[in-house]
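Just below is one structure, and these are the notes that go with it.
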Amino acid sequence: MRLDQEDAASVCGDVALEMIRLKTIAQCRDAHAEGNYYRDAEPYIQKQWEGVIWPIIKDLDFTDVLELAPGHGRNTEHLRRLAGSITLIDVNPNCIEACRERFGEQRDGCTFRYFVTNGDSLSMVDASSHSLVYSFDSMVHFDSSVVRAYVHEIARVLRPGGSAFLHHSNYGTVAPNSDWAHNPGNRSDMTAERMRGFAEEAGLDVAFQRLSGLADGWGLEDLDAFTVLRRPALA
């Protein structure tokens, strides 16, 4: 009888985790559906790019970029000047349509592809097809279970020697809960330590990681983290 009770508790726990995953995906999809956030955030990207992002990513390979959760394309505007191709993937169809309208199929020698994801999968992308996966100011909201799923997908779609630049929450060190909509800056339960663990599970190396807070413009010290993951090159 005890075993049955333990099995039932395990099933209930799995159901609860799945409900949390689906809730957080829906929250991320719907949070900025009206587009006002992207309009308000656009003026800040130049300073963020020059002062925070570029020093970290300047030596990465931009040949074929996958941008996860691009919003309305404020990061894409910078990436397209470096990339040969960009694959844009978002859970919000409105964001994909906004990016398609902004960039079209080709701009100044950079080609674009667009996909809507179910919220934790890159199944529409071929294995070993991209040199860089990029996500800034979006994954900070993703529940750790969603981030884990994406890290495994990133390991699949990166070429050997390819990298991923991921801006994610570290607020789980303060409040390890999944209700990001009520946390400061809408940050999730992710942490830098969890990211390192997910990377190891997926067979990726952590090439770079640092915490990010007030100096980078966020509301709390060590609120976020920047992590660069690398798929090992073939021997």
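The values are calculated or read from the model by the stated rules, or taken from the named source; none is laboratory data. What you see is a predicted model, and the numbers here were worked out from it, not measured in a lab. We place every Cβ from the backbone using ideal geometry, glycine too, and count neighbours over all the protein chains shown.
Side notes on the structure shown:
- Restricting Thr87, Thr76 to residues that are within 16 Å of Val125 (Cβ to Cβ) and buried (at least 22 other Cβ atoms within 10 Å of the Cβ) narrows the list to Thr87.
- When the residues of the range 182-213 are filtered to those that are at pLDDT below 95, in contact with a Gly (Cβ under 9 Å, 6 or more places away or on another chain) and surrounded by fewer than 21 Cβ atoms within 10 Å (Cβ to Cβ), the one that is farthest from Leu88 (Cα to Cα) is Pro184.
- Pairs, first among the hydroxyl-bearing types (Ser, Thr, Tyr) in the range 206-235, second surrounded by fewer than 20 Cβ atoms within 10 Å (Cβ to Cβ), C-beta under 6 Å, six or more apart: Thr227/Gln209
- Residues in the range 124-181 that are touching a residue at least 40 places away in the same chain (Cβ under 8 Å) and among the acidic types (Asp, Glu) were compared, and the one that is surrounded by the most Cβ atoms within 10 Å (Cβ to Cβ) is Asp143.
- Each residue in the range 128-172 was checked for being part of a strand (DSSP E or B), in contact with a helix residue (DSSP H, G or I) (Cβ under 6 Å, 6 or more places away or on another chain) and either at pLDDT below 95 or over 24 Å from Asn183 (Cα atoms) (or both), and 3 of them qualify.
- Of the residues making up the range 99-119, one or more are within 21 Å of Ser163 (Cβ to Cβ), touching a helix residue (DSSP H, G or I) at 6+ places or on another chain (Cβ under 8 Å), surrounded by fewer than 18 Cβ atoms within 10 Å (Cβ to Cβ) and of a type outside the set (A, V, I, L, M).
- On the stretch given as the range 79-108, residues that are under 25 Å from Leu60 (Cα atoms), at pLDDT below 95 and not in a strand (DSSP E or B) total 1.
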